[in-house]
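Here the structure is laid out as structure tokens; the discussion comes afterwards.
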Amino acid sequence: MHIHAYWLGAAGLIPFIALPVMMVLGAISADTAVMGFAQYSAIILSFLGGIHWYQSVIAQARPWQTYLAMVPSILAWVTLVGLGPVSALPWLAVGYLLMLVSDRWIEGKPQGYGGLRQGLTAVALIMHLAFWLA
């Protein structure tokens, strides 16, 4: 896997870490922090369906992956709009877990992809849990 994937993946964690830190330091309000966190989480969760979209549409690997590709964005939107940012956090975390599990069906994964996804997902889940419990 290309080194840029690791750097960009790590950079994608910045909002997950920065928003709680900014809240604790008093730089932003708790309401702003949790709203920004939940919105960013919903965006990233939606992004995770993209590889399944590619597999089904471009690589024509498995047709059911087209449906799987849409689940993260629908889950993210429904929970964020329907439940509000705080109550959406555990559901968004479940979405991350489900996408990590579903990644085992991706064909032709580059070497290192699984480890990268596991590491990024672990940090995201820890931050979701910490934010939700706070």
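Laid out as a table, the results:
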| read-out | value |
| --- | --- |
| Any helices (runs of 4 or more DSSP H) falling wholly within segment 19-134 and containing at least 2 residues that are among the polar types (S, T, N, Q), on the phi < 0 side of the Ramachandran plot and modelled with pLDDT of 95 or more | 30-48 |
| Condition check for PRO72: surrounded by 12 or more Cβ atoms within 10 Å (Cβ to Cβ) and within 21 Å of LEU133 (Cα to Cα) | no |
| Filter pass, VAL101 being touching a helix residue (DSSP H, G or I) at 6+ places or on another chain (Cβ under 9 Å) and closer than 23 Å to ALA38 by Cβ | no |
| Any pair with Cβ under 9 angstrom, 6 or more apart, that starts in segment 45-60 at a residue that is farther than 17 Å from GLY9 by Cβ and ends at one that is of a type in the set (D, E, K, R) and part of a helix (DSSP H, G or I) | HIS52/ASP103 |
| Count of segment 22-43 residues which are within 20 Å of ARG117 (Cα to Cα) and surrounded by 21 or more Cβ atoms within 10 Å (Cβ to Cβ) | 4 |
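The values are calculated or read from the model by the stated rules, or taken from the named source; none is laboratory data. Quick caveat, the model's predicted, so the values are computed rather than measured. We place every Cβ from the backbone using ideal geometry, glycine too, and count neighbours over all the protein chains shown.
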